[in-house]
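Only one structure is covered here, and it is reproduced in the block below.
The values are calculated or read from the model by the stated rules, or taken from the named source; none is laboratory data. Quick caveat: nothing in here was measured; it's all calculated off a predicted structure. For neighbour counting, all protein chains shown are included, and Cβ atoms are generated from backbone atoms with ideal geometry for every residue, glycine included.
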2 protein chains.
Amino acid sequence: MTVAASPRRELFREIKQSASAPDIAAAAALLEIGDRLGVLEEISTGGKFTASRLASIGELPESGVARYLEALESAGIIERVDTDGDFFRTVSDYDVIRHQAGYVSWTMNANRPFVEHPREFLIDPESARAAYVRDGRQVAVSSQWMGSLAFYPAAFEAITEARPTRVADLGSGTCRLLIELLDMLPGTTGLGLDLDQGACDAAKDAAAHAGMSDRLTVLQRSIQSLATDPGPLLDADVIHAGFVFHDMLPDEEHIADAVLANCHTALRPGGLMAITEAIPYVRTERERRFSSIVTYYHREFMTRKLLSVAEWEHKLSGAGFRHVETVELGFPTGRLFLARK
Amino acid sequence: MTVAASPRRELFREIKQSASAPDIAAAAALLEIGDRLGVLEEISTGGKFTASRLASIGELPESGVARYLEALESAGIIERVDTDGDFFRTVSDYDVIRHQAGYVSWTMNANRPFVEHPREFLIDPESARAAYVRDGRQVAVSSQWMGSLAFYPAAFEAITEARPTRVADLGSGTCRLLIELLDMLPGTTGLGLDLDQGACDAAKDAAAHAGMSDRLTVLQRSIQSLATDPGPLLDADVIHAGFVFHDMLPDEEHIADAVLANCHTALRPGGLMAITEAIPYVRTERERRFSSIVTYYHREFMTRKLLSVAEWEHKLSGAGFRHVETVELGFPTGRLFLARK
């Protein structure tokens, strides 16, 4: 069944998505420029900074950084801490500005090879897929901007409500979700599983920084490996998987099914499987346009299959789960599937 | 003086600029893909079309075009003409969707070399300017989308109100503005002046198509040439210049001044000089963010100088004009300067 999002489960529905097209376009470009200059992370901390400090971090001429900050300030993205000083900080709705910019940056920058070469993909898809490959860093950065306020708040709330003793996250990246969860749930342990060595290294550093190295285990291995060895999942009472299952579809659908069945087997009785995914071609006014580009990119250019709500419910039932609940996310075309063992 | 835009002079202020960031991003990508597939022009006519027809125009496999149309339809950008047929057409607010997409496409696609290489520009601007050059076609296409509803409506109204017998347009491109003006003013003749041979050829074709070859002269030459030979401008009672003067600044400012003085001399008594330009770093809430990226792109990456309202008024007075009036445009950071001889 599909349930309306409750006020508690959909904390971030109210983020201001609406703005003018010129505003949204400008913010995306200004933030991307900051990212490429290597200074955006420092700007985004919320603390105060100077052109001189950013020039040192980015190994850039200070005059050039000062002109970049002039643009950010005039755009209303940063502000002077005091009128006389050289210090700036981000404006109070900076998180929303960056979140909005994320949609533009993911759609127009991270997926740029598809926008620039659709003719090649339509005429000779196999050669095009080999020739026009996305830049993984641009995908990661824009996904983080876009997802920061919209991917996981519903999952976060559902998982904390379940009060788990052990949580596993499949495709955990830098373990941001797990670290936030463990911070909220002091007695809980976590397992992050990701194929990317760099992400796992960053996750271990972040866990150490948060004083959670004893509670958070990071495993560098593929999701597919769980089809034959579900060992790491034993004792979990919550397993979350964010945007990883569709990467196995359609070619490895049998492996995805085996992973899902093993998740069911490994979970403790009453345990929760939480899957955040994109569904294809949603037609509501709020979601239809972004859903279209997400679906089209996946089908035409990435040869990925997105499952509908009915197909997910069928798949989860087939793996042995009961009570599949579908939650609409703030992220258009995103859904959280909550399935009980 | 700066006057508030009158309801008549600012016809398109009410275009819906506001939408959600995911919507705006998705529309930009979907329309750019159509442009690169070579089918968007046919889609944009407003007439009905089929996948088969577009496949033939774009020399593409029909199945691929059908999947592209599936995406556009699901996005609510086109709709089926009737539920059984194979015919589609654009939705009623298609012009607004494309206009919004124009801001994203200009900012994130046409100016992409600047977004991708800011470090190189900050460290070694001269080499960067030689190495990272914009794609002229992407600039032209996105400017046309963006400008269609926002660049020239105020100029159009001011010029038609002046009931000129002869209008000159400097940087006339494909003469879209002149053809619309001459269509509205049956007794009027026009002169379009542009450096680009391809644009001039397209302008002549368009004039012939509109049955205006006898009333509309297209001259392929530089704006700068008017500094020494204002001959083509003689007998004009309106001269319009859209976004061409700033291309001479700062390096050719003396030439720009001479062109402006010659415009004043050539105009009939009581004649009107109408200049559409971008002004730098506007700080109103409506304009500040887009104004920032426009200013930053021009200053940092194109080494162009944008003049403030006061600087334009000074320049026009210096050329001999009286009664300089400044009109705020729907296009953020855009102004129309109306100066009388």
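Among the residues examined, A:Q138 does not qualify as under 30 Å from A:E300 (Cβ atoms), surrounded by fewer than 20 Cβ atoms within 10 Å (Cβ to Cβ) and out of contact with any helix residue (DSSP H, G or I) (no Cβ under 7 Å at 6 or more places or on another chain). Scanning region A:3-31 for residues that are among the acidic types (D, E) and over 20 Å from B:Y281 (Cβ atoms), we see that the one that is modelled with the highest pLDDT is A:E14.
Can you work out which of the residues in region B:282-298 that are β-branched (V, I, T) and under 19 Å from B:N111 (Cα atoms) is nearest to the other protein chains (Cβ to nearest Cβ)? Before the answer, list the steps.
Applying the first criterion (β-branched (V, I, T)) to region B:282-298 yields B:282, B:284, B:293-295.
Imposing the further condition that a residue be under 19 Å from B:N111 (Cα atoms) reduces the set to B:293-295.
Working: B:I293: 4, B:V294: 8, B:T295: 7 Å.
It comes out as B:I293.
Can you pull out the residues in region A:65-86 that are buried (at least 20 other Cβ atoms within 10 Å of the Cβ), in a helix (DSSP H, G or I) and not polar (S, T, N, Q)? Reasoning before the result, please.
To start, the set of residues in region A:65-86 that are buried (at least 20 other Cβ atoms within 10 Å of the Cβ) comprises A:65, A:68-69, A:71-72, A:74-75, A:77-78.
Imposing the further condition that a residue be in a helix (DSSP H, G or I) reduces the set to A:65, A:68-69, A:71-72, A:74.
Within region A:65-86, A:V65, A:Y68, A:L69, A:A71, A:L72 meet the criteria.
Return a yes/no flag: does region B:269-283 have any residue that is over 19 Å from the mean Cα position of the chain (by Cα), on the phi < 0 side of the Ramachandran plot and assigned to a helix (DSSP H, G or I).
So the first thing to find is which residues in region B:269-283 are over 19 Å from the mean Cα position of the chain (by Cα), and the list is B:269-272, B:281-283.
If we keep only those that are on the phi < 0 side of the Ramachandran plot too, we end up with B:269, B:271-272, B:282-283.
After this cut, where a residue has to be assigned to a helix (DSSP H, G or I) as well, the list is none.
So far as region B:269-283 goes, no, none of its residues is over 19 Å from the mean Cα position of the chain (by Cα), on the phi < 0 side of the Ramachandran plot and assigned to a helix (DSSP H, G or I).
Kindly indicate whether B:H254 is over 23 Å from the mean Cα position of the chain (by Cα) and closer than 24 Å to B:Y296 by Cα. Considered against the rule, which asks whether it is over 23 Å from the mean Cα position of the chain (by Cα) and closer than 24 Å to B:Y296 by Cα, B:H254 comes out as yes.
Elements of the type helices (runs of 4 or more DSSP H) sitting completely within region A:89-143 and holding at least 2 residues that are more than 8 Å from every other protein chain (Cβ to nearest Cβ) and aliphatic (A, V, I, L, M): these cover A:94-105, A:125-131.
How many residues, within region A:30-54, are part of a helix (DSSP H, G or I) and either more than 9 Å from every other protein chain (Cβ to nearest Cβ) or crowded, with 21+ Cβ neighbours inside 10 Å (or both)?
Initially, region A:30-54 is screened for residues part of a helix (DSSP H, G or I), giving A:30-37, A:40-44, A:51-54.
Right, trim to either more than 9 Å from every other protein chain (Cβ to nearest Cβ) or crowded, with 21+ Cβ neighbours inside 10 Å (or both) and you get A:30-35, A:37, A:40-44, A:51-54.
Number satisfying all stated conditions: 16.
In region A:247-270, the count of residues that are within 12 Å of chain B (Cβ to nearest Cβ) and of a type outside the set (S, T, N, Q) is zero.
Do the conditions hold for A:T303, that is, is it of a type in the set (S, T, Y) and either touching a strand residue (DSSP E or B) at 6+ places or on another chain (Cβ under 6 Å) or touching a residue at least 40 places away in the same chain (Cβ under 8 Å) (or both)? Walk me through it before giving the result.
On the way: of a type in the set (S, T, Y): yes; either touching a strand residue (DSSP E or B) at 6+ places or on another chain (Cβ under 6 Å) or touching a residue at least 40 places away in the same chain (Cβ under 8 Å) (or both): yes.
Judged against the criteria, A:T303 is a match.
Could you please tell me which pairs satisfy a Cβ distance under 8 Å, a separation of 6+ or placement on different chains, a first residue in region B:99-115 that is outside the structural domain of B:G34 (by TED's automatic domain parsing) and under 11 Å from B:A140 (Cα atoms), and a second residue that is surrounded by 24 or more Cβ atoms within 10 Å (Cβ to Cβ) and of a type in the set (D, E)? So the pair list comes out as B:S105/B:E32. Within region B:98-110, the residues that satisfy the criterion of being over 15 Å from B:S291 (Cα atoms) and of a type in the set (S, T, N, Q) are B:Q100, B:S105, B:N109.
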